[in-house]
Amino acid sequence: MGWNSGTEIFDTVVGAVLDDLSKEEIIERLVEVMEDHDWDGQGDSEFFEHPIVRKIFEERNPEWFKDEE
C-alpha cells in the first residue's frame with residue numbers, strides 16, 4: 001500500500017467517526033475503501049466472524065457464503 005492509499009483509508013475512517021456514524025456504517029466505509037485498494041485478506045481478519053462484520057461481508061460478497069445455505 002502506497003502512502004496515498006493510506007491517506008485515503010485514514011480519511012475515510014476518520015470522516016466516518018467524526019460524522020458520528022454507527023459502528024456498522026463506519027465498518028462499511030472501511031471495507032469499501034479497503035476493497036477499492038485491492039484488499040484480499042478479509043477472511044484473515046480476527047473480526048471476520050463478528051456479526052456486524054460478517055453481515056457487511058455477506059452483503060458485499062454473497063458468493064463467499066453460498067455454500068453455507
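The values are calculated or read from the model by the stated rules, or taken from the named source; none is laboratory data. Not measured: the values here are computed from a predicted model. Using ideal geometry, Cβ is built from the backbone for each residue, glycine included, and neighbour counts are taken over all protein chains shown.
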Please report, ordered by residue number, the helices (runs of 4 or more DSSP H) entirely within the chain with at least 2 residues that are touching a His at 6+ places or on another chain (Cβ under 8 Å) and either touching a residue at least 24 places away in the same chain (Cβ under 8 Å) or among the hydrophobic types (A, V, I, L, M, F, W, C) (or both).
3-18
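Every residue, every condition in (1) at pLDDT 95 or above; (2) surrounded by 13 or more Cβ atoms within 10 Å (Cβ to Cβ), yes or no:
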{"residue": "MET1", "(1), (2)": "no, no"}
{"residue": "THR7", "(1), (2)": "no, no"}
{"residue": "SER22", "(1), (2)": "yes, no"}
{"residue": "ILE26", "(1), (2)": "yes, yes"}
{"residue": "VAL31", "(1), (2)": "yes, yes"}
{"residue": "TRP39", "(1), (2)": "no, yes"}
So, of the residues in the range 51-60 that are surrounded by 13 or more Cβ atoms within 10 Å (Cβ to Cβ) and not charged (D, E, K, R), which turns out to be farthest from SER5 (Cα to Cα)?
ILE52
Working only within the range 18-50, note down all residues that are of a type in the set (Asp, Glu) and over 23 Å from THR7 (Cα atoms).
GLU46, GLU49
